[in-house]
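Presented below is the structure to which this report refers.
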Amino acid sequence: MNSSSLQLVSMFVLMVLLQVMLFNNLQLFGFINPMVYLLFIIMYRFESDQTLFILLSFILGFSIDFLSQSGGAHSIATLTIGFLRPLLIRNAFGVTAEIPTSFYNDSRTLNKTIFLALIISIHHLLYFSFVFFNWNAIYLILKNTLLASVFSLILIALLSSFYKKLNDS
Amino acid sequence: MKRILNALVQFRNPILYLLLLGLSFFFLDNKSSFHQSQLEKYGLYVSQNLYRVSHQIGNYFQLKKINEKLLQENKALKELELKSKGIPLYPSALKVKRRFPFQVKAAHIIKNSFLNQQNFLIIDKGAEDGIKEEMAVITDRGIIGIVKSVSNHYASVISILNQDLKINVRLKNSAAFGTLSWKGKNPIDFQVEDVVMNAQLEKGDTLITGGMSSYFPLGIPLGKISEFEHDIQSGYYTISTELFEDPSQVYYVYVIENLDQKEINELKNEQP
């Protein structure tokens, strides 16, 4: 097992544990749990194998579901975001030549923010849609999506810069 | 086989995605009864719409079959209707049990003409379907003609748009008999001759078949009197009439068989 795989696995485990042990119990304002485990999806190298990545996304979502007893909503949202990630990368970073090899290798703040916002908002929208799973709760879904997205975005941005510094040193 | 494998490899990501998505839904379904019932609700919504669409499409393709079925039903009803036509004219008939010697068969016109003075048409039932010469052909609102010759699967019919064909008719509200024939121009303009002068006529009176010929049963409505004139010299009315149905624009017809025709003809021939 080479170092990058090791890093991958350790990050995976770390994300799952962080989410389940810490962030799922935050309950900001009583109902907001930021979903920081998306950092794994964001940090995963852009150029690597998509099939493996879809599988990993599913396992990530499924692990969170499994450990937080939340049905299949995390799995569906994470799997879908993993499947859609190449599309979102193209949308956020532009044509093929401009796409960086990984999230922390890029220095364009605007593109990175757009990418983060896209991934987080789509994921959250899917997640809350499947949690409430009712057309009549559409306002509740949108409200939760908006608020939780903001907090997830802040936390993930913070953590990603932290990650970058760690790698640099 | 190689192509299928290639396609599988090429689309492995979407396939994997859908597979795992299905798995997630399965977990969602198993985990909470709320989601289970919601999923069932949405599933029901989708399936009911699917079934409705497929039902409608299926219905569309069955229309022909349904038409045929309705035609068969109409045939049976026509027989009943013909049977009942005579009753209001002779109320006493209600009390007496009567024979009704007519039988009805459904058919389609496959060739029609109205441009000549002697018109014929062809129907898609023949000897194998029990059609014989001299059977009457009617529609739901009038009469069409009389079968002239029969092949195995088809029959040719003398149209009433044929100046040689004379039909025995009477008025609905008085038993004044006459002879209906085509004027030879407009397919719905006919004339009735030989109605005796002492009959009471009015414009708009309904003409029905007279039941005197062995072809048509009594009481099939044909048309209305549009105008009439006395002919003082001959002592008969000459009546112009308009048919209820244009015989040149008919597709579904009924062939009527008079089961007693042979008997009647024998009696006719015995007369000197």
### Message
Using the basic label-point model (7 angstrom from Cα toward the beta carbon), what is the B:ASN269 to B:LYS41 distance in nanometres?
### Response
8.2 nm
### Gaussian network model of chain A, springs between alpha carbon atoms under 10 Å - residue of A:LEU147, A:LEU126, A:LEU55 with greatest fluctuation
A:LEU55
### Query
Mind checking which lysines have their C-alpha under 24 Å from B:LYS148, skipping anything on the same chain fewer than 8 residues away?
B:LYS75, B:LYS78, B:LYS105, B:LYS111, B:LYS125, B:LYS132, B:LYS166, B:LYS183, B:LYS185, B:LYS262, B:LYS268
### Query
Roughly speaking, what is the centre-to-centre gap between the range B:252-269 and the range B:35-83 when only Cα atoms are used, to the nearest Å?
40 Å
### Query
Helix A:73-93 versus the longest principal axis of chain A: what angle, 0 to 90°, nearest 10, using Cα atoms?
40 degrees
### Message
Checking the a/c ratio against 1.5 first, then a/b against b/c, what shape does the Cα gyration tensor give for the range B:91-270?
### Response
oblate
### Task
Return the aspartates and glutamates within reach of A:LYS112: Cα separation strictly under 14 angstrom, same-chain partners fewer than 8 residues apart disregarded; answer none if there are no such residues.
A:GLU98
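Would the protein assembly as shown count as rounded, prolate or oblate if I go by the C-alpha gyration tensor, calling it rounded below 1.5 in a/c and otherwise prolate when a/b exceeds b/c, oblate otherwise? Display every interim value, and only then the final one.
Numbers: a/c = 4.37, a/b = 4.00, b/c = 1.09.
Prolate.
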### Task
Starting with the fewest neighbours, write out B:HIS55, A:HIS74 ranked by other beta-carbon atoms found within 10 Å of each beta-carbon.
B:HIS55, A:HIS74
#### Entry: Calculated from backbone phi, Karplus (6.51, -1.76, 1.60) coupling profile of the range B:133-141 in Hz, x at Gly/Pro
4, 6, 7, 8, 10, 10, 10, 6, 10
### Using a Förster distance of 51 Å, the FRET efficiency for B:VAL196-B:LEU63 (Cβ separation, nearest 0.05)
0.55
### Message
Quick check: Cα centre of the range B:189-223 to Cα centre of the range A:12-86, how many Å?
### Response
90 Å
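For A:VAL95, B:VAL46, B:VAL150, which order do you get if you count the other beta carbons within 10 Å of each Cβ and list the fewest first? List each step's numbers first, then the result.
Working: A:VAL95 7, B:VAL46 10, B:VAL150 22.
Least crowded to most crowded, the residues run A:VAL95, B:VAL46, B:VAL150.
Charges at C-beta only: +1 for Lys and Arg, -1 for Asp and Glu. How large is the resulting dipole of the range B:157-272 about its Cα centre, in Debye rounded to 20?
On the way: 9 positive and 17 negative charges, 19 e Å.
Value, rounded to 20: 100 debye.
What's the exposure ranking of A:LEU39, B:LEU71, going from fewest to most Cβ atoms within 10 Å?
Details: A:LEU39 24, B:LEU71 16.
Listed from fewest to most nearby Cβ atoms, that is B:LEU71, A:LEU39.
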### Message
Just to be sure I understand the model, the point goes 7 Å from the Cα along the line to the Cβ. What's the resulting A:SER48 to B:LEU18 distance in nm?
### Response
2.7 nm
### Task
Give a residue-ordered list of calculated ³J(HN,Hα) values for the range B:246-251 (Karplus: 6.51 cos²θ - 1.76 cosθ + 1.60, θ = phi - 60°; whole Hz; x for Gly, Pro).
6, x, 7, 10, 10, 10
#### Entry: Under DSSP loop assignment and at most 13 Cβ neighbours within 10 Å, longest chymotrypsin sites (Phe, Trp or Tyr not before Pro)-free interval of chain B
B:12-250
### Message
Let's see if you can work this out: charge +1 on each Lys and Arg Cβ, -1 on each Asp and Glu Cβ, no other charges. What is the dipole magnitude of chain B about its Cα centre, in debye to the nearest 20?
### Response
1560 debye
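Classify the range A:33-169 from the C-alpha gyration tensor, please: rounded if a/c falls under 1.5, else prolate or oblate depending on whether a/b exceeds b/c. All intermediate terms of the calculation are to be shown ahead of the outcome.
Values: a/c = 1.70, a/b = 1.55, b/c = 1.09.
Since a/c reaches 1.5 and a/b is larger than b/c, the shape of the range A:33-169 is classed as prolate.
With r defined as the distance between the Cβ atoms of A:LEU26 and A:SER4 and R0 fixed at 30 Å, what FRET efficiency is calculated, to the nearest 0.05? Please report the intermediate quantities before stating the final value.
Values: r = 31 Å, r/R0 = 1.03.
The pair A:LEU26/A:SER4 has a calculated efficiency of 0.45.
So if R0 is 22 Å, what FRET efficiency would B:SER84 and B:LYS224 give, r being the distance between their Cβ atoms, rounded to the nearest 0.05? Don't jump to the answer; show the numbers that get you there.
Details: r = 21 Å, r/R0 = 0.97.
After rounding, the FRET efficiency stands at 0.55.
Only the coordinates and a few stated rules stand behind these numbers; no lab work does. All values derive from a computational prediction rather than experimental measurement. Using ideal geometry, Cβ is built from the backbone for each residue, glycine included, and neighbour counts are taken over all protein chains shown.
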